[in-house]
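First the structure, in the form of structure tokens, and then the observations on it.
The values are calculated or read from the model by the stated rules, or taken from the named source; none is laboratory data. Source: prediction; values computed, not measured. Note that we place each Cβ from the backbone using ideal geometry, even for glycine, and neighbour counts take in every protein chain shown. Please note that ligands, DNA and RNA were not included when accessible areas were found on the heavy atoms of the full protein model with its side chains. Shrake-Rupley method; radii C 1.70, N 1.55, O 1.52, S 1.80 Å.
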Amino acid sequence: YVNWQNTHRFCCACGSPLTFIHGGTCAKCMNSDGKPHLHWPRQDPSIITLVTNSSSTHALLARSPRHPSYLYTALAGFVEAGETFEKAVGREVHEEVGVTIDLQSVDYIASQAWPFPRSCMIGMTARTLDGLAPISIDPNEIVDAQWFEKEVVYRAARDTDEMGAVMDPRVVEEKQAKGEWNGKLLVPSKGVLARTLVDHWLE
């Protein structure tokens, strides 16, 4: 709400100044014709998807440029205008890794508010049509993507829980220097929707 209030000072319908009502959750324009317009914060829905092969023995995880080299996660992207969540899953997966999913397999798992700046993330799972389909990444979106066996992801989740702040490379480097971790894969920490998807698959 703070970001929305800071960037919305005038009515987009008449140009009058806005005042915030209902505890700052709604904006009302102060025009002189007696018919004020009401405005609410915009929401940009996005999907995040854990893709598995048809037999659910492997998961497709990817690394973005902003993540450390060891941290892999689920694929995500914004829903476009007029697009269903299922179609967004299929499009984003194909765009980012060149893999075609079975749209009938897309399943809703959970959601999470993501106010950076105004999104709600919809967590899904999906399966491929072709088993361990070949991967062809979009280098503008991600750095790497791989199929990981379930046991490998299970160990990565366990190591992540023991490690703690895995987004901070210094924490991991310290563990490596002490010989306390010599793995190559970590996943997002608990409390993050991507991890919820991983845990749901591992269960």
Could you tell me which of rounded, prolate or oblate describes the range 89-144, using a ≥ b ≥ c as the square roots of the eigenvalues of the alpha-carbon gyration tensor, with rounded for a/c under 1.5 and, failing that, prolate when a/b is larger than b/c and oblate otherwise?
oblate
Pop out the ³J(HN,Hα) list for the range 63-78 in order, Karplus 6.51 cos²θ - 1.76 cosθ + 1.60 with θ = phi - 60°, rounded to Hz; leave Gly and Pro as x.
10, 8, x, 7, 9, x, 5, 9, 9, 10, 8, 7, 7, 9, x, 7
Counting pairs of alpha carbon atoms under 8 Å apart in space and at least six apart in sequence, what relative contact order in percent does the chain give?
21
Filtered GluC sites (Glu not before Pro), the range 1-86: DSSP coil and at most 13 other beta carbons within 10 Å
GLU80
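Considering only DSSP beta bridges where both residues belong to the chain, give the percentage that are antiparallel (nearest 5). Before the final figure, lay out the partial values.
Numbers: 28 of 38 bridges.
Antiparallel: roughly 75 percent of the beta bridges in the chain.
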Ignoring ligands, DNA and RNA, what accessible area per residue does the range 52-203 give at 1.4 Å, in Å²?
54
Sorted by accessible surface (1.4 Å probe, heavy atoms of the protein chains only), largest first, CYS26, CYS120, CYS12 come out as CYS12, CYS120, CYS26
If you take every residue apart from ASP107 with its C-beta less than 13 Å away from the C-beta of ASP107, what net charge results, scoring Lys and Arg +1 and Asp and Glu -1?
-1
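Decide, for the chain, between rounded, prolate and oblate: order the square roots of the alpha carbon gyration tensor eigenvalues as a ≥ b ≥ c, take rounded if a/c falls under 1.5, and otherwise choose prolate if a/b is larger than b/c, else oblate.
prolate
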Calculate one ³J(HN,Hα) per residue across the range 149-161 by plugging θ = phi - 60° into the Karplus curve 6.51 cos²θ - 1.76 cosθ + 1.60, and present them in order as whole Hz with x for glycine and proline.
5, 4, 5, 5, 5, 4, 5, 5, 5, 4, 5, 4, 5
Long-range amide H contacts for CYS120: which residues qualify at under 5 Å (H placed 1.01 Å from N, peptide plane, sequence gap of 5 or more or a different chain)?
ASP44, SER46, TRP114
Counting pairs of alpha carbon atoms under 8 Å apart in space and at least six apart in sequence, what relative contact order in percent does the range 86-203 give?
22
Let me check I've understood the local charge: for MET124, count other residues with C-beta under 12 angstrom from its C-beta, Lys and Arg +1, Asp and Glu -1. What total comes out?
-1
HN-Hα J couplings of the range 20-27 from phi, Karplus 6.51/-1.76/1.60, θ = phi - 60°, integer Hz, Gly and Pro as x?
9, 10, 6, x, x, 8, 9, 10
Report the local net charge at LYS190: Lys and Arg +1, Asp and Glu -1, summed over other residues whose C-beta lies under 9 Å from its C-beta.
-1
The range 15-91: trypsin sites (Lys or Arg not before Pro) in DSSP coil with no more than 10 other Cβ atoms inside 10 Å:
ARG42, ARG66
Pick out, in residue order, every one of the chymotrypsin sites (Phe, Trp or Tyr not before Pro) in the range 126-203 that is DSSP loop and has at most 12 other C-beta atoms within 10 Å; say none if there are none.
none
